[in-house]
Structures are given as C-alpha cells and as structure tokens.
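Presented below is the structure to which this report refers.
The values are calculated or read from the model by the stated rules, or taken from the named source; none is laboratory data. Bear in mind that the values here come from a model prediction, so they are computed numbers and not experimental data. Don't worry about glycine lacking a Cβ; one is built from the backbone with ideal geometry, like all the others, and counts go over all protein chains shown. Accessible surface is based on the protein model in full, side chains and every heavy atom, while ligands, DNA and RNA are left aside. Shrake-Rupley method; radii C 1.70, N 1.55, O 1.52, S 1.80 Å.
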Amino acid sequence: QVQLVESGGGLVQPGGSLRLSCAASGIIFRNYVMGWYRQVPGKQRELVAVITSSSTTNYADSVKGRFTISRDNSKNTVDLQMNSLKPEDTAVYYCNARTTAFNYWGKGTLVTVSS
C-alpha cells in the first residue's frame, strides 16, 4: 500500500520559516519524481516545487529563492524548506509522487502564515 505522509505544517509569522517533510512507503522511491503542491480553498492545486530522481529541481516563480526542495533516497523522504514566508503562502501543502504510470498524493498539511 502506497503512503505519503506529510508533517511539519503549522502556524508561523510572516518572515518565518517552516520545514515540511514527506515520508513515502510502498513505492520504489528513487524511481519517482517527488513534488510539493499547495491548495487554497476555492482555487486549483498548484505546483510549488518538484525534484527528479537525479535531484534536478524546479520551482514555482512565487517561491524561487525562498523555498528549497530536497530528497533522501536512503530514507524515502522529500523535504521542503520554506523561508521568508508570506501570508500568501498559506495553504494546504500536499506531497506528490509520480512516474509516467503512477501518481500518488498525501493527505496534506496545513501551513498558516499570519501575525
């Protein structure tokens, strides 16, 4: 059974930092493109950052220079370090694992940026 379990969300003040982590099980982790997406109620889910099996990364323009995605293939984890957080970063953040044949989602973790 495939599981993607996110952790690390919470309430943070503007300008602060959070680190999200996603633990994957039930997949051959090193074969998957891993990503973080986010969604605000009433809006479409959007890409935040992705990292390939060879650790090539891609970021949404809105988070470039502030967020960093990383993966540890030995631990089956993918992290998202979020710095200089803004109120508009408030969303539910979802972990994603995909190949050309499969696409899996975690249940999400809420990040709230507010003073």
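When residues of the stretch 6-34 are filtered for being surrounded by fewer than 14 Cβ atoms within 10 Å (Cβ to Cβ), among the hydrophobic types (A, V, I, L, M, F, W, C) and under 22 Å from residue 85 (Cβ atoms), how many remain? Adding up the residues that qualify gives 1. Answer yes or no as to whether residue 37 is open to solvent by 20 Å² or more (accessible area, probe 1.4 Å), touching a Phe, Trp or Tyr at 6+ places or on another chain (Cβ under 8 Å), among the hydroxyl-bearing types (Ser, Thr, Tyr) and more than 22 Å from residue 102 (Cβ to Cβ). No: the conditions fail for residue 37.
Yes/no matrix, rows are residues, columns are (1) surrounded by 15 or more Cβ atoms within 10 Å (Cβ to Cβ); (2) under 20 Å from residue 11 (Cα atoms):
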| residue | (1), (2) |
| --- | --- |
| 74 | no, no |
| 77 | yes, no |
| 85 | yes, yes |
| 90 | yes, yes |
| 95 | yes, yes |
| 109 | yes, yes |
| 113 | yes, yes |
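When the residues of the stretch 32-55 are filtered to those that are in contact with a strand residue (DSSP E or B) (Cβ under 6 Å, 6 or more places away or on another chain) and outside any strand (DSSP E or B), the one that is farthest from residue 22 (Cα to Cα) is 40.
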